[in-house]
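Trainee: Structure provided below as structure tokens; questions to follow.
The values are calculated or read from the model by the stated rules, or taken from the named source; none is laboratory data. Being a predicted model, the structure only gives us computed values, none of them experimental. Please note: Cβ atoms are built from the backbone with ideal geometry, for glycine as well, and neighbour counts cover all protein chains shown. To get the accessible areas, we keep the full protein, side chains included, count just its heavy atoms, and leave off ligands, DNA and RNA. Shrake-Rupley method; radii C 1.70, N 1.55, O 1.52, S 1.80 Å.
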Amino acid sequence: MEPLIRDFQLTAPGIAIDYSDFVTNDLQKSASEACSAGAGQGDILLSSSLDQLVKLSNDGCAVPHLSAETARVGDWAKWRDEVFGFTYEPTVFVYNARFVPPADVPRTHVELADLLRRRLDYYRGRIGTFDIRLSGVGYLLAFSDAAQPTTVYGRLLESMSRAEVVVHCCTGASLQEIASGRLYIGYNMIGSYAYAAARSNPDLRVVVPRDYTLILSRGALIPKTSAHPDLAGRFLDYLLSERGREIAGEHAFFFSEDGPLPPDVDGPTVLNESSGAQPIHIGPALLAAQDEAQRNRFIQDWSRSMIYVAPRK
């Protein structure tokens, strides 16, 4: 976010921004408690866990924002004029080329599942992904994977379980492990973080899967307890503006809906629905992911399938 914040401040001199970083689940908890108590929790909330933002909106914790910029946002990337998507970020595979030979590089979910079955001993304990018990966006991605109209995710889940997958709270932690060589491949990594890491480490490579690619649009919401909703609206309009999107594409999030893939990313020429892109639509359907009983059941099933428990000796 730093390049965007600094460029916004060029358009709004004299405006200071205090940026606080949260794991998505912690942000959701803090924002929900602030809403219930009528307490301040920042002027604008930004989160990749779109289902959590939609739930906050549905719980009456947001105020609408209408402007020329919000009117241009596609229907799939906004809801009730309260939640707006301002990025277009694929979920990708990341691998360390020092440890993954060219013949092993997976380019579809099926290829990844087959690789882990075929070379189980080599990749055991070397695959990383989100811990959906800790990460809201990790949960959203797993929930969206499971909703795909194929049996691929079930096969992949089984293969990763056998390979004793290593789970982390967030993309950054997995990327550090891949860069160090402790992990060889990362699954469902957020593309913007993955590409930024690959630009500074030539061993890291990014693959946009060719069968289907989940697309996140990082969301923004102005909470009803915002002390400065007018300034929040100005920042939101900047994020959605042509200038903001240009800065995001060049310096922050790198991927776009209608532009070519960034240099050296292994994937289709253009990232759109015809090439398998599956945007996660911002809307009431995401409330199903936040239904407490369903969420608990999904996480329990995932934990039983995914988390390896060594047999007692």
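Trainee: Please find, among Arg155, Arg218, the residue that is open to solvent by 30 Å² or more (accessible area, probe 1.4 Å) and not acidic (Asp, Glu). Quick ask: steps written out before the conclusion?
Mentor: Numbers: Arg218 fails: open to solvent by 30 Å² or more (accessible area, probe 1.4 Å).
Answer to the selection: Arg155.
Trainee: Moving on to the next point. Looking for something among the small types (Gly, Ala, Ser), closer than 23 Å to Gln9 by Cβ and in a strand (DSSP E or B) - is there at least one such residue anywhere in region 214-222?
Mentor: Residues of region 214-222 among the small types (Gly, Ala, Ser): 217, 219-220.
Those still in the list that are closer than 23 Å to Gln9 by Cβ too: 219-220.
Next, from what is left, pick out any that are in a strand (DSSP E or B): 219-220.
Among the residues of region 214-222, at least one is among the small types (Gly, Ala, Ser), closer than 23 Å to Gln9 by Cβ and in a strand (DSSP E or B), which makes the answer yes.
Trainee: Looking at region 267-277, can you tell me whether even one residue there is more than 27 Å from Asp59 (Cβ to Cβ), modelled with pLDDT of 90 or more and in a loop (DSSP other than H, G, I, E, B)?
Mentor: Taking region 267-277 and keeping what is more than 27 Å from Asp59 (Cβ to Cβ), we get 267-277.
Okay, now just the ones that are also modelled with pLDDT of 90 or more, so 267.
The next check asks that each one be in a loop (DSSP other than H, G, I, E, B); those that pass are 267.
Checking region 267-277: at least one residue is more than 27 Å from Asp59 (Cβ to Cβ), modelled with pLDDT of 90 or more and in a loop (DSSP other than H, G, I, E, B).
Trainee: If you don't mind, there's one more thing I want to ask. Please find, within region 96-112, the residue that is nearest to the chain's Cα centre (by Cα) out of those that are more than 10 Å from Tyr184 (Cβ to Cβ) and not β-branched (Val, Ile, Thr).
Mentor: Let us first name the residues in region 96-112 that are more than 10 Å from Tyr184 (Cβ to Cβ), namely 101-103, 105-112.
Narrowing further to those that are not β-branched (Val, Ile, Thr): 101-103, 106-107, 109, 111-112.
Values: Pro101: 27, Pro102: 27, Ala103: 28, Pro106: 20, Arg107: 19, His109: 17, Glu111: 22, Leu112: 20 Å.
The extreme case among them is His109.
Trainee: Now, a different point. Output the number of the condition that Ala194 fails; it satisfies all remaining conditions of (1) out of contact with any Asp or Glu (no Cβ under 8 Å at 6 or more places or on another chain); (2) modelled with pLDDT under 95; (3) crowded, with 17+ Cβ neighbours inside 10 Å; (4) not β-branched (Val, Ile, Thr).
Mentor: For Ala194, the exception is condition (2).
Trainee: Quick one: what pairs do we get from region 135-159, first residue closer than 19 Å to Ile307 by Cβ, second open to solvent by 10 Å² or more (accessible area, probe 1.4 Å) and among the basic types (Lys, Arg), C-beta under 7 Å, 6+ apart or different chains?
Mentor: Ser159/Arg117
Trainee: Please find, within region 7-50, the residue that is least open to solvent (accessible area, probe 1.4 Å) out of those that are under 23 Å from the mean Cα position of the chain (by Cα) and of a type in the set (D, E, K, R).
Mentor: Asp43
Trainee: Against the conditions (1) part of a strand (DSSP E or B); (2) open to solvent by 40 Å² or more (accessible area, probe 1.4 Å), where does Asn188 fall short? Just the number, please.
Mentor: For Asn188, the failing item is (2).
Trainee: Output the residue which, of all residues in region 199-211 that are of a type outside the set (Lys, Arg) and surrounded by fewer than 20 Cβ atoms within 10 Å (Cβ to Cβ), is nearest to the chain's Cα centre (by Cα). It would help to see each step written out before you state the result.
Mentor: Going through region 199-211, the residues of a type outside the set (Lys, Arg) turn out to be 200-204, 206-209, 211.
Right, trim to surrounded by fewer than 20 Cβ atoms within 10 Å (Cβ to Cβ) and you get 200-203, 211.
Working: Ser200: 20, Asn201: 21, Pro202: 23, Asp203: 22, Asp211: 18 Å.
Ranking the qualifying residues of region 199-211, first place goes to Asp211.
Each row is one residue, and each column tells you yes or no for (1) touching a Gly at 6+ places or on another chain (Cβ under 9 Å); (2) of a type in the set (Lys, Arg); (3) touching a residue at least 24 places away in the same chain (Cβ under 8 Å).
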site: Tyr195; (1), (2), (3): no, no, yes
site: Ala198; (1), (2), (3): no, no, yes
site: Val206; (1), (2), (3): yes, no, yes
site: Pro209; (1), (2), (3): yes, no, yes
site: Lys224; (1), (2), (3): yes, yes, yes
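Trainee: Taking Ala179 and the conditions (1) surrounded by 23 or more Cβ atoms within 10 Å (Cβ to Cβ); (2) closer than 30 Å to Glu2 by Cβ, which numbered condition does it fall short on, given that it satisfies the others?
Mentor: Tallying (1) surrounded by 23 or more Cβ atoms within 10 Å (Cβ to Cβ); (2) closer than 30 Å to Glu2 by Cβ, Ala179 fails exactly one: (1).
Let's see how each residue does on (1) under 19 Å from the mean Cα position of the chain (by Cα); (2) at pLDDT 95 or above; (3) buried (at least 17 other Cβ atoms within 10 Å of the Cβ):
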position	(1), (2), (3)
Gln52	yes, no, yes
Leu66	no, yes, no
Ala77	yes, no, yes
Val94	yes, yes, yes
Asp114	no, yes, no
Asp121	no, yes, no
